[in-house]
Amino acid sequence: MLDFEILRLIWWGILVFLVCGFAVLDGFDFGIGILLPFVGKTDDERRVMLNTIGPTWEGSQTWLITLGGISFGAWSIVYAAFFSGLYTGLLVLLFALFLRPVGFDYRSKLPDPRWRNAWDWALFVGGLVPATVLSLAAGNLIVGLPFQLTDELRSVYSGGFWDLFRPFPLLCAATGVALFTLHGAVFLHWRTEGALAERALRVIRRSSPLFAAGFVLAGVWVGLDVDGYRIVSPIDTSIAANPLAKTVVKAPGLWLNNYRLFPWLAAAPAVVLAGSWLVVKCSAGNRHGSAFVVSSLMVIGAVVTAGGSMFPFIMPSNTHPHSSLTVWDASSSQYTLQLLLAATAVLMPIVLAYTIWVYRVLRGKVTVEHIRGNEHTLY
């Protein structure tokens, strides 16, 4: 059996990997939904946009379900505290996601322009709201959430829905929306041609510097004014630990400590910032595959920057810092982690191989002529 400490690190890595996979694959789906009413000028162009992601968007959303399932199995205390505390926000997320399957399936059923236009805006909401809610949640995790653990380790959340809309999380939400919009525009530029591709390129040129500015501003804010957290009491990382047994301090700038301890971690924000310049160059030069790889690395770099800065914290508490949940005291038992790891080692390669195969088979441009030739079989 693997050492408990190693197992916890592996499962923290799997958690980050799943967040990255979801953000990369669903990120450009959200971005195309956000762009749908603005970049598609005709009904044919909007159908082209929808069909660039039509065969794959459902598969991409299963990463979110997998993420929830893994959190429940491997980080059950975090799952309970996060879902009970942010219940209203998660309901908003789910209702927005409901608009996506309904919109895809029903939009082109009737030829009425008003019907189709209404569903275009519904799909816009189905892209914008999840991108906003997830980025807002990330920002709130960085500043900490108002909760405490009782002696029985039950989570008691003391905040309200509107408390989530604090200045720093709002900046994270705006920056996240800019990143997903950029990612969607890069994919759209790759999969389309003509005037539609030209408009996508204009979005890339505008959204990339906008995202970079938000990312830099958030980094400066974290360094100067946002409270970070640090464990100051001894903690045995190889045994089952009570989250309440540790002592935690919080102060501005502590989230930057990991960059002093692990300088290689600075590669993550460096990739993000270099990518914001390179993605425009690659897209302008019609190096579509390279541009998409770069925008994907930007998404991964942003996730790793946040997760690496917070490590080992997963869910800090800003009202009762000693109740914060970390890699070392919020995991399931060693036996559970070992069992889940065996199942993941078998299933994850199959999922990855299938995903790569699907995208390879469905590669190529989607055109207006293709839509008109398959009027009744495409979205």
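The values are calculated or read from the model by the stated rules, or taken from the named source; none is laboratory data. A quick note: this is a predicted structure, and the numbers were derived from the prediction, not measured. Reconstructed Cβ throughout: ideal geometry from the backbone, glycine too, with neighbour counts over all protein chains shown. Side chains are part of the model used for accessible areas, which takes the heavy atoms of the whole protein and leaves out ligands, DNA and RNA. Shrake-Rupley method; radii C 1.70, N 1.55, O 1.52, S 1.80 Å.
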>> What's the magnitude of the charge dipole for region 1-81 around its Cα centre, counting Lys and Arg as +1 and Asp and Glu as -1 at the beta-carbon? Answer in Debye, nearest 20.
In response: 80 debye
>> Taking the Cα centroid of region 50-111 and of region 125-180, what is the distance between the two, rounded to the nearest whole Å?
In response: 17 Å
> Amide H neighbours of THR319 under 5 Å, counting only residues 5+ apart in sequence or on other chains, H built in-plane at 1.01 Å?
Replying inline: PHE147
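Taking a cut-off of 28 Å, what percent of all Cα-Cα pairs in the chain are separated by more than that? Mind dumping the intermediate values first?
On the way: 33685 of 71631 pairs.
It works out to 47 percent of all Cα pairs.
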> What are the residues whose amide H is under 5 Å from the amide H of LYS246, where those residues sit 5 or more places off or on another chain and H is modelled from the backbone?
Replying inline: none
> In region 295-379, what percent of the accessible surface is made up of carbon and sulfur (1.4 Å probe, ligands and nucleic acids excluded)?
Replying inline: 70 percent
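Arranged from highest to lowest average of other beta-carbon atoms within 10 Å per residue, in what order do the peptides 1-8, 338-345 appear? All intermediate terms of the calculation are to be shown ahead of the outcome.
On the way: 1-8: 16.0, 338-345: 13.6.
Result, highest mean first: 1-8, 338-345.
Please get the size of the charge dipole for region 236-362, origin at its Cα centre, with Cβ charges of +1 on Lys and Arg and -1 on Asp and Glu, quoted in debye to the nearest 20. Please report the intermediate quantities before stating the final value.
Values: 6 positive and 2 negative charges, 80 e Å.
Around 380 debye, computed over region 236-362.
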> Nearest 10 degrees, 0 to 90: what angle lies between the long axis of helix 167-191 and the longest principal axis of the chain (Cα atoms)?
Replying inline: 40 degrees
>> Let's see if you can work this out: charge +1 on each Lys and Arg Cβ, -1 on each Asp and Glu Cβ, no other charges. What is the dipole magnitude of the chain about its Cα centre, in debye to the nearest 20?
In response: 960 debye
> Anyone know which of LEU110, LEU97, LEU86 comes out most mobile in the 10 Å Cα GNM of the chain?
Replying inline: LEU110
>> Using +1 at the C-beta of Lys and Arg and -1 at the C-beta of Asp and Glu, which of THR88, ILE53, ALA197 has the Cα lying farthest in the positive direction of the dipole of the chain?
In response: ALA197
> What are the ³J(HN,Hα) values, in whole Hz, obtained from phi via the Karplus relation 6.51 cos²θ - 1.76 cosθ + 1.60 with θ = phi - 60°, for each residue of region 152-164 in sequence order, with x given for Gly and Pro?
Replying inline: 8, 6, 8, 7, 10, 8, 10, x, x, 4, 6, 5, 6
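Can you give the Kirkwood hydrodynamic radius for region 261-331, in Å, rounded to one decimal and based on Cα pairs?
Working: mean 1/r = 0.0717 Å⁻¹.
Computed over region 261-331, the radius equals 14.0 Å.
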> Cα axis of helix 43-53 to longest principal axis of the chain: angle in degrees, 0 to 90, nearest 10?
Replying inline: 40 degrees
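Within the P(r) computed for region 207-348, what percentage of the Cα pairs occupies the region above 20 Å?
Numbers: 5963 of 10011 pairs.
Within region 207-348, distances greater than 20 Å cover 60 percent of Cα pairs.
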>> Using only Cα atoms and rounding to the nearest 10 degrees, what angle (0 to 90) does helix 87-106 make with the longest principal axis of the chain?
In response: 20 degrees
>> So with the 1.4 Å probe, I'd like the accessible area per residue for the chain, rounded to whole Å².
In response: 46 Å²
> ³J(HN,Hα) across region 285-301 via Karplus (A = 6.51, B = -1.76, C = 1.60, θ = phi - 60°), whole Hz, x for Gly/Pro?
Replying inline: x, 6, 8, 5, x, 5, 4, 5, 4, 5, 5, 5, 5, 5, 5, 4, x
> Most fluctuating residue of GLU198, GLU369, GLU58 in a GNM of the chain with Cα springs under 10 Å: which is it?
Replying inline: GLU369
>> From the C-alpha coordinates alone, can you work out the Kirkwood hydrodynamic radius of region 86-236, in Å?
In response: 18.2 Å
>> Leaving out ligands, DNA and RNA, and with a 1.4 Å probe, what % of the accessible surface on region 214-274 is carbon or sulfur?
In response: 70 percent
> So what's the projected area for region 14-153, the Cα convex hull averaged over all directions, in nm²?
Replying inline: 9.4 nm²
> In whole Å, what is the distance between the alpha-carbon centres of region 201-250 and region 278-312?
Replying inline: 19 Å
